[in-house]
Amino acid sequence: MSSMLADSESPSRPIASIWNSSEGRIAAMTVLMLTIHGIIRLGLPPEIRLPGLGVPIRDIPLLLALLAGGGPLVWGLLGKLRRGEFGSDLLAGMSILTAIALGEYLAGTIVVLMLSGGEALEAFAIRQASSVLDALARRMPTLAHRHESGTIHEIPLDTIQIGDTLEILPHDICPVDGTVIAGHGVMDESFLTGEPYQISKAPGSKVISGALNGQHSLTIRADRLPIDSRYANIMKVMRASEQQRPQMRRVADRLGAWYTPMALLLAGLAWLISGESVRFLAVLVVATPCPLLIAIPVAIIGAISLSARRGIIIRDPSILETLPTCTTAIFDKTGTLTAGEPTLTKIELTGKWARETVLRRVGALEQYSKHPLARAVLRVAEAEIARFPVPTQVSEPPGQGMTGTVEETQVIITNRAKARQQFPQMDIPPTSQKAGLECLVVMDDRLAAILRFRDRPRHDSAKFVAHLRPKHALSRTILLSGDRESEVVTLADQVGIDVRHFGKSPEEKWEIVREETQNARTMYLGDGINDAPALAAATVGIAFGTQSDITSEAAGAVILDRTLVKVDELMHISKRLRRIALQSAVGGMTLSIAGMALAATGYLTPVMGAIAQEGIDLIAVLNALRMAWLPRRLQDYDSSLDTRNSRSSEDRNR
């Protein structure tokens, strides 16, 4: 498998990448010039000057640093000013120019180091905070094995076309989304779904890119191009989320907009009142707002990275700010508040086939399904059937049920509406509203059985709902489902939700969520497939995304591991981001303002102010980096989590 993977990145590369950037090189050069200045300063008095220029020889390294390093930085800042970007970083450029004008070369050089080193440090910090995203990228296959003229050829990943026949060797990573056309085996999809399960594969089964193949080769047909496959889409979403500018970062820009004029006003007053121009420079040097420029973006990327490590994909970083402000929680039912583990309670035989025959053939198909009803059937079938026959032509289109051929008999597992649509002449017994979940089994176009199920709440649903009001200030909870009234009312009573809506179509769900969102900020939790309109209508949409398209525009976040614990973790991550970002930005600015006051009153020289500001920057960035670290606790209710009850629960609409 090693040939299939990109080379891993050595631990030294993040450090080396700092110096590969222009800012990093300027910072390194500035440190060198400061070192040379210090050595010369120890040996030569200031009276020894360069002939013809009158500049002290010990200041020559500082002038070189200001010219070679400060010049490009100031030019870039002037470009921002020409574009009307009056940001807080312009203070640094003004500090450099003022230092040169006043002959304070050492202070100006330290500002160059502060500005270039700060930008290099930001790049390094973001790279460290993005380590999970880099690990995902390094895991992506670079080669594939394609069948051509009866032989297998190793080909670059980007040459794969839709319809190509590919061989997935044992322990290889699947390069594209596709369909198995030959072979039987298992795949480990835990890296993508967060669920530690081996998924059986047979002809007709779907495979997803990024899944790790087991011990047997599988032959697949490529259904998507590599750039459109699931693994690549996850990477696109995560990279795009890094580039988006949440409201929190825009707030930082607005703070900088008033902070810069305030600093200039204070610096001007200090000069005017004292008559000492050096105080103007000292105030500007201390005022350089690197905590604003660096800390907030580092904290945001850290939150995205921490979320990824916890099995949560952040599609829209702005939800990290808005989630703590939500006051209404709206839940889908199946697989969200229920365990997604229905129990098969009754098999109603309606045809000529015996119970043993029905269970044997249905069980043979359900081995290749990840739907929760399939597991319910298998629990009963495996207890009664010693060995299942091998099915062929297995297919499970989303929302269409499951079909396949077992013992030369076509078997269809579907729901009542689909059966009536496909077999309008079929005599299907009526059902009551209290019947619960059901599946119809059709064999050779004849109704063979009706399977009846009951779902149960997740073991921690009631605890999770109960803790939302005291711990997260969510004062209103709503259960919104397309299921029957009896199922919805029973679940709502069990988990403690007062407002419940049942029998709702996706369009009706959207309308309800839209109305609720007009009155308060809402958090909607659903499966990301049938609930896409409702997810889009909510203030924050959170999708349980094991089965859904990760690139759906509906959800702001996707929970890969379908547990309510992960939802609570996301809520805590968003709270923690807000707290740490404000600590770094506001705390850093407060220290800067205090330093400005000392500089304005003459207690800080420009050099002392520059050194103090460097210390403030370091504290702010180190604090922001805490966002990427895993705290000891990311939940605040007793979940008593049992991951075996956290299986995916996509509504197959059987």
Exercise for the section: Being surrounded by 19 or more Cβ atoms within 10 Å (Cβ to Cβ) and in contact (Cβ under 8 Å) with a residue 40 or more places away in the chain is the filter here, so list the residues in the range 482-508 that pass it. Expected result: Gly482, Asp483, Glu487, Val488, Leu491, Val495, Ile497
Exercise for the section: Kindly check whether there is at least one residue in the range 610-623 that is open to solvent by less than 40 Å² (accessible area, probe 1.4 Å), closer than 30 Å to Tyr637 by Cα and either at pLDDT 85 or above or touching a Leu at 6+ places or on another chain (Cβ under 8 Å) (or both). Expected result: yes
Problem - Scope the range 213-228; condition at pLDDT 85 or above and not β-branched (Val, Ile, Thr); matching residues - result: Asn213, Gly214, Gln215, His216, Ser217, Leu218, Arg221, Ala222, Asp223, Arg224, Leu225, Pro226
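Evaluate the range 435-444: report whether one residue or more is outside the structural domain of Ser200 (by the TED database) and over 43 Å from the mean Cα position of the chain (by Cα). Outline the logic, then answer.
As a first pass, look at the range 435-444 and keep what is outside the structural domain of Ser200 (by the TED database): 435-444.
Keeping just the survivors that are over 43 Å from the mean Cα position of the chain (by Cα) gives 443-444.
Yes.
Working only within the range 157-171, note down all residues that are part of a helix (DSSP H, G or I) and among the acidic types (Asp, Glu). I'd like the intermediate steps shown before the answer.
Going through the range 157-171, the residues part of a helix (DSSP H, G or I) turn out to be 157-159.
If the condition is that a residue be part of a helix (DSSP H, G or I) and among the acidic types (Asp, Glu), then Asp158 is the only one that fits.
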Fill in the blank from the handout: Residues in the range 303-335 that are among the polar types (S, T, N, Q), buried (at least 20 other Cβ atoms within 10 Å of the Cβ) and under 30 Å from Ser486 (Cα atoms) total 2
Fill in the blank from the handout: Taking the range 331-383 and the residues there that are part of a loop (DSSP other than H, G, I, E, B) and of a type in the set (Ser, Thr, Tyr), the one that is farthest from Pro429 (Cα to Cα) would be Thr336
Exercise for the section: Restrict the check to the range 400-408 and report whether at least one residue is in contact with an Asp or Glu (Cβ under 8 Å, 6 or more places away or on another chain), modelled with pLDDT of 85 or more and open to solvent by 50 Å² or more (accessible area, probe 1.4 Å). Expected result: no
Handout entry: Extreme residue, surrounded by the fewest Cβ atoms within 10 Å (Cβ to Cβ), among residues of the range 72-129 that are among the polar types (S, T, N, Q) and at pLDDT below 75
Key = Gln128
Fill in the blank from the handout: When the range 426-459 is checked residue by residue, the ones that are on the phi > 0 side of the Ramachandran plot and at pLDDT below 85 are Gly436
Exercise for the section: Of the numbered conditions (1) in contact (Cβ under 8 Å) with a residue 12 or more places away in the chain; (2) part of a helix (DSSP H, G or I); (3) open to solvent by 20 Å² or more (accessible area, probe 1.4 Å), Val513 fails exactly one; give the number of that condition. Expected result: (3)
Problem - Residue among Thr345, Thr357, Thr338 that alone is open to solvent by less than 40 Å² (accessible area, probe 1.4 Å), among the polar types (S, T, N, Q) and over 27 Å from the mean Cα position of the chain (by Cα) - result: Thr357
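The values are calculated or read from the model by the stated rules, or taken from the named source; none is laboratory data. This one's a predicted model, so the numbers in the text were calculated from it and none came from an experiment. Every residue, glycine as well, gets a Cβ built from its backbone with ideal geometry; the counts of neighbours run over all protein chains shown. Surface accessibility is based on the protein's heavy atoms, side chains included, excluding ligands, DNA and RNA. Shrake-Rupley method; radii C 1.70, N 1.55, O 1.52, S 1.80 Å.
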